[in-house]
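The values are calculated or read from the model by the stated rules, or taken from the named source; none is laboratory data. Not measured: the values here are computed from a predicted model. Glycine gets a Cβ as well: all are built from the backbone with ideal geometry, and neighbour counts include every protein chain shown. SASA here: full protein model, heavy atoms, side chains in, ligands and nucleic acids out. Shrake-Rupley method; radii C 1.70, N 1.55, O 1.52, S 1.80 Å.
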Amino acid sequence: MKHFISAHDSVNPHQLVQEALQVKQNPYNFPELGKNRTIGLLFFNSSLRTRLSTQKAAMNLGLQVMVMNIGSEGWALEYEDGTVMNGTSVEHVKDAAAVIGVYCDIIAIRCFPSLQDRTADYSEMVLQQFIKFSNKPIVSLESATLHPLQSLADLITIQEHKKTDKPKIVLTWAPHIKALPQVVANSFSQWVLKAGYDLTITHPEGFELSEEFTNGATVEYDQEKALQDADFVYVKNWSSYKDYGKVAVGHDDWMLTDEKMETTNGGKIMHCLPVRRNLEVSDELLDGDNALVLQQAENRIYAAQVVLKKILEANF
Ligand code: CP
C-alpha cells in the first residue's frame, strides 16, 4: 500500500478487515515496525477521534508522531500553479509539502471541502498536491470527498456484529443545522459496496449523493420503507451534492427514533460521531443496547493501525 485515500487503495476490504481484527487481538506485537520513522498528522480542520486514534495507532507501531494544526497554525497555502502570490496566501503548497516530506516518512492529512465549489472540492486538490509534492505516502484523515479510515472502522464494526453474511445495511440522512460535507456518506457507501454488502440509502429528494460512490446501492426516498428489516442503520447528515452545499430545512422528522427502529431486524445504530443528540438521533437510541458508536470509535485505532502497518511494510 502506497497511499490510503479511498476504498481503491484496498484490493480486498474483507481481507483488510480481517487483518485489522488480528491487529486488535495483539496491538503491541509490532513495536519495532515504525522505529526511527516519523508520521506527521496535519489538521486543516478540527478533530477528536481521528487525531487521537491515529496517534495511538502510530505509537503502537513505534512511530514518532508530530501533530500540526496546519489550518489554524500554519501559513496560508497557495494551491494554484504560477500564481503571483500578492494576496493572502503566504507559502505555496509545493514548498510546504516538500519540506514536510523531508521531515516525515508518512504524512496524514485532514482537509475538509469548502462546500462552495463542487468541482474544486471533488478534485481533491489538497490531497493530490501533497501526493505530488511531498514524495511520501499520504493517508487521508478525511478529505473533501471521503473518510476512508472511518469507513474501514465501520466495516470492522459490522464484521464484529453481523449475524448473516449479507446483512441489510441502511444509510439514512438525518437533520442538522449546519452544512456538512457528503464525505462520510460517500465513503461509507463506497466501502460497503466494495465489500459486496446490500446497501439502501434513504434521504429527502434533492440529497442524492454522487453516483461515483453509490452506484449499486438502492435509493429509497421513504425512510420508513427503507428501514424495514435493516440489520444496521448508519445515521448521517449531509448537505446537497446537486445544489452544492445547500442545507435541508423542514425535515426534522428524519431524526432516527426508537419508534422508527421497530420495523428493523433488531437494527444496530451506527454514527461516526460527533453526533447532535436529539436532532440526528434520539438519546434513547444512542444510549441504548443497539448503539455501536463507541465500538466504531474504538475500531478507529485498529483501522489506522492496520493501514499504517501495511504502508510501513510496503515502503520501508
Ligand atoms: N469520526 C470522526 O472523524 O471524528 P473526529 O471528527 O472527531 O475526528
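Neighbours of residue 144 by Cβ distance under 12 Å: Lys/Arg scored +1, Asp/Glu scored -1, total -2. Of the accessible area of the chain, computed with a 1.4 Å probe over protein heavy atoms only, carbon and sulfur atoms account for 47 percent. For residue 309, the lysines whose Cα falls under 20 Å of its own Cα, not counting residues fewer than eight places away in the same chain, are 2, 24, 35, 56, 136.
On the basis of the beta-carbon distance and an R0 of 41 Å, residue 295 and residue 84 show a calculated FRET efficiency of 0.20. Comparing 259, 212, 78 in a Gaussian network model of the chain, where Cα atoms under 10 Å apart are tied by springs, the biggest mean-square fluctuation is seen for 259. Potential lengthening of the chain between residue 76 and residue 219 amounts to 47.5 nm, from the contour at 0.36 nm per residue minus the alpha-carbon distance. When the alpha carbon coordinates of the chain are projected onto the principal axes, the ranges are 55, 49, 32 Å, largest first. Computed with a 1.4 Å probe over protein heavy atoms only, the accessible area of residue 253 comes to about 110 Å². The stretch between residue 2 and residue 135, if pulled fully straight at 0.36 nm per residue, gains 46.8 nm over its current Cα-Cα span.
Taking trypsin sites (Lys or Arg not before Pro) across the stretch 222-316, the ones in a DSSP loop with at most 16 further Cβ atoms lying within 10 angstrom of their Cβ are 242, 246, 276. Between residue 284 and residue 263, how high is the FRET efficiency from 1/(1 + (r/R0)^6) when r is the Cβ-Cβ distance and R₀ = 22 Å? Nearest 0.05. Using R0 = 22 Å, I get an efficiency of 0.85. Think of it as helices only: each DSSP H run of n ≥ 4 in the chain is worth -39500 (n - 2.57), and spread over all residues that comes to -11000 deg cm²/dmol at 222 nm.
If you wrap the tightest convex hull around every Cα atom of the stretch 123-250 and split its volume per residue, you get 113 Å³. The modelled label-to-label distance for the pair residue 315/residue 59, using points 7 Å beyond Cα in the direction of Cβ, is 2.2 nm. Directionally averaged projected area (the stretch 16-70, Cα convex hull): 4.2 nm². Averaged per residue, the chain has 45 square angstrom of accessible surface, using a 1.4 angstrom probe with ligands and nucleic acids left out.
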